[in-house]
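In what follows, a structure is listed as structure tokens, so that the remarks can point back to it.
The values are calculated or read from the model by the stated rules, or taken from the named source; none is laboratory data. What you see is a predicted model, and the numbers here were worked out from it, not measured in a lab. So basically every Cβ, Gly included, is an ideal-geometry build from the backbone, and we count neighbours across all protein chains shown. Note: accessible area is taken over every heavy atom of the protein model, side chains too, but ligands, DNA and RNA are not part of it. Shrake-Rupley method; radii C 1.70, N 1.55, O 1.52, S 1.80 Å.
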Amino acid sequence: MKIKLCGFTEVKTIETAIEYGCDFIGLVFAKNSVRYVDPNHAKNLSSTIPDSVGRVAVVVNETLENLHKINQNFQPNFFQLHGDENIDYIKNLKKIFPKTSIIKAFSISNKNDLNKIENFNNYVDYFLLDNKNPGSGEAFDWKILQDFNPPKPYFLSGGINIKNIDEAIQIAHPQFIDISSGIEEIKGIKSSKLIIEILQKIKIYNQKNSTS
């Protein structure tokens with residue numbers, strides 16, 4: 001299982017995440033977010049991320065002009081779409097940025113919410129399943145996902161932290177975990193202590209599963 005840590009604003013916590021084995025680093029480019037970074041700051045942050053770690057640009061209904069700025073400064077491997085982006089928007093994105101994979105986020109509160117994912121199967125590379133209020137630290141009912149077998153891999157997100165990550169894995173069996181507020185002691189500010197705890201737990205989980 002791989003882990004994405006998201007919403008970084010400081011070099012020091014990115015360096016901690018990389019040192020302890022984070023697979024993906026996410027920056028948030030949505031201006032209404034407490035974790036927002038502008039493209040110029042993203043350039044400084046990106047200099048600490050090696051090629052072996054995936055760079056994820058989290059955007060919400062972003063304009064093409066701003067996507068070009070983000071791409072130039074951050075050079076993401078993934079655009080994570082957290083707005084109302086439709087299939088035409090995604091098709092256009094694929095043409096303009098053919099080397100950048102697409103993660104499409106969906107807000108989930110009941111099983112019916114999973115049905116809207118099907119329309120995007122042929123157009124995105126990954127799904128991300130979040131709660132109705134992304135970035136809030138709230139979790140949705142993971143039992144909804146017990147029989148969920150999408151044709152594309154998905155990131156499980158929304159309210160995952162050191163206290164409930166075992167439960168999340170046990171119930172949903174995700175290939176990818178996404179955590180933002182769960183590595184913060186103060187909203188919007190990453191905690192090196194919590195980053196290390198989470199990544200060490202994932203490392204132990206992966207070691208157990210590789211030998212079982």
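Tabulated values for the structure
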item: Residue in the range 124-134 that is over 16 Å from the mean Cα position of the chain (by Cα) and surrounded by 12 or more Cβ atoms within 10 Å (Cβ to Cβ) present; result: no
item: Matching residues, the range 94-128, being among the aliphatic types (A, V, I, L, M), outside any loop (DSSP other than H, G, I, E, B) and farther than 14 Å from Val58 by Cα; result: Ile96, Leu114, Ile117
item: Flag for Ile162 being in contact with an Asp or Glu (Cβ under 8 Å, 6 or more places away or on another chain) and either over 29 Å from Leu45 (Cα atoms) or open to solvent by 30 Å² or more (accessible area, probe 1.4 Å) (or both); result: yes
item: Residue in the range 165-176 that is touching a strand residue (DSSP E or B) at 6+ places or on another chain (Cβ under 7 Å), open to solvent by less than 80 Å² (accessible area, probe 1.4 Å), outside any helix (DSSP H, G or I) and modelled with pLDDT of 95 or more present; result: yes
item: Enumeration of residues in the range 92-123 that are surrounded by 15 or more Cβ atoms within 10 Å (Cβ to Cβ) and either over 20 Å from Ile3 (Cβ atoms) or modelled with pLDDT under 90 (or both); result: Leu93, Lys94, Phe97, Thr100, Ser107, Asp113, Leu114, Ile117, Phe120, Tyr123
item: Set Lys208, Lys193: member being open to solvent by 40 Å² or more (accessible area, probe 1.4 Å) and either of a type in the set (Ser, Thr, Tyr) or at pLDDT below 95 (or both); result: Lys208
item: Selection within the range 59-69 - among the hydrophobic types (A, V, I, L, M, F, W, C) and over 16 Å from Ile103 (Cα atoms); result: Leu64
item: Residue list for the range 15-40, filter: more than 19 Å from Tyr126 (Cβ to Cβ), crowded, with 16+ Cβ neighbours inside 10 Å and without any contact (Cβ under 8 Å) to a residue 60 or more places away in the chain; result: Ile18, Tyr36, Val37, Pro39
item: Residue list for the range 157-212, restricted to those being under 19 Å from Thr16 (Cβ atoms) and of a type in the set (Gly, Ala, Ser); result: Ser180, Ser181, Gly182, Gly188, Ser191, Ser192
